[in-house]
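Okay, structure first, notes after.
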Amino acid sequence: MNKIMNFKEALSEKRAVKIIAGINNFNIENVRNVVSSAIQGGAHAVDICFNKEIFDMTREMTMSSNIAIFVSSVVPQELATAAEWGADAIELGNFDALYREGRRFSSHDVLNLVVETQRLLNGKDVFFSVTIPGHISVAEQIELAHKLENMNINLIQTEGSATVDTQKTGALGLLETAQVSIANTMELSSNIEIPVMTASGISVKTAPMAFAAGASAIGVGSAVNRCENIISMIATVKSLVESTGRISRREILHV
């Protein structure tokens, strides 16, 4: 089974885990640790920035594993180039880091970027994931998701933590950070047929809630990247993978 088929199988079983190094993370040593923790922790995919040196390192590291490599960018030419490199998947998005730079993406922006990327791919068969901007209204998100579904996009990724300004700590802080993305997941998964990945602010504690809300996958970045050492990173990834089966949708919806 090739790597993207392994990821698709996990998607179909609603248990896929993608570890995100970061769209703007060009620190090769940090990415090395993220990828290593994803491999050793049993994740199904790792998401890296558009950078040939980092891509080559990641491909070499994952050679003997089943982990799929996603390359993220908001530049169509970079996504098409990543497909030529041999990326298992391309991701238009992971916008959170870009919001901190003051950038925003509308539905119109996303659609234009997808159209241009597909034009540049020129029929090349590559798994294509697209992030739905978390700052637009739910109605707009659903409308955009339907359009992307009709364009044969393989996976929708939600977000939302960038819209939350929580001052809380502990469990309440974790819940507030994840709640928007999880709510968006619930809305989108109820309205489209293609799988939904919940990302942005997801942690070990909130991952089961994402699956209970209808997610087929979770995308986790900061919960791993902020760990103090590689041992903690591996332990976090393992806990995320183990969390996929801890709670059912029925349980969470009837709390």
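The values are calculated or read from the model by the stated rules, or taken from the named source; none is laboratory data. These numbers come from a predicted model, not from an experiment. Here the Cβ is made from the backbone with ideal geometry for all residues, glycine too, and neighbour counts use every protein chain on show.
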Review point. Among the residues of the stretch 132-140, is any in a loop (DSSP other than H, G, I, E, B), surrounded by fewer than 24 Cβ atoms within 10 Å (Cβ to Cβ), of a type in the set (Val, Ile, Thr) and modelled with pLDDT of 90 or more?
Key: yes
At pLDDT 95 or above and surrounded by fewer than 18 Cβ atoms within 10 Å (Cβ to Cβ), is that true of LEU172? no
Of the candidates VAL114, VAL75, the one satisfying the condition of being at pLDDT 95 or above and buried (at least 20 other Cβ atoms within 10 Å of the Cβ) is VAL114
Selection from the stretch 86-111 of residues closer than 25 Å to ALA68 by Cα and either buried (at least 23 other Cβ atoms within 10 Å of the Cβ) or among the charged types (D, E, K, R) (or both) yields ALA87, ASP88, ALA89, ILE90, GLU91, LEU92, GLY93, ASN94, PHE95, ASP96
When the stretch 146-165 is checked residue by residue, the ones that are modelled with pLDDT of 95 or more and of a type in the set (A, V, I, L, M) are LEU148, MET151, ILE153, LEU155, ILE156
Exactly one of PHE26, PHE50 is of a type in the set (Phe, Trp, Tyr), surrounded by 20 or more Cβ atoms within 10 Å (Cβ to Cβ), closer than 30 Å to ILE231 by Cβ and without any contact (Cβ under 8 Å) to a residue 40 or more places away in the chain, and that residue is PHE50
Restricting the stretch 141-161 to residues that are buried (at least 19 other Cβ atoms within 10 Å of the Cβ) and in a helix (DSSP H, G or I), the one nearest to the chain's Cα centre (by Cα) turns out to be SER161
Of those in the stretch 66-89 that are of a type in the set (S, T, N, Q) and without any contact (Cβ under 8 Å) to a residue 60 or more places away in the chain, the residue farthest from ILE4 (Cα to Cα) is GLN77
Here the qualifying pairs (Cβ atoms under 7 Å; residues six or more apart or on different chains; first in the stretch 200-224 and crowded, with 23+ Cβ neighbours inside 10 Å and at pLDDT 95 or above; second outside any helix (DSSP H, G or I) and acidic (Asp, Glu)) come out as GLY219/ASP47
Of (1) assigned to a helix (DSSP H, G or I); (2) of a type in the set (A, V, I, L, M, F, W, C); (3) modelled with pLDDT of 95 or more; (4) under 17 Å from the mean Cα position of the chain (by Cα), ILE231 fails just (4)
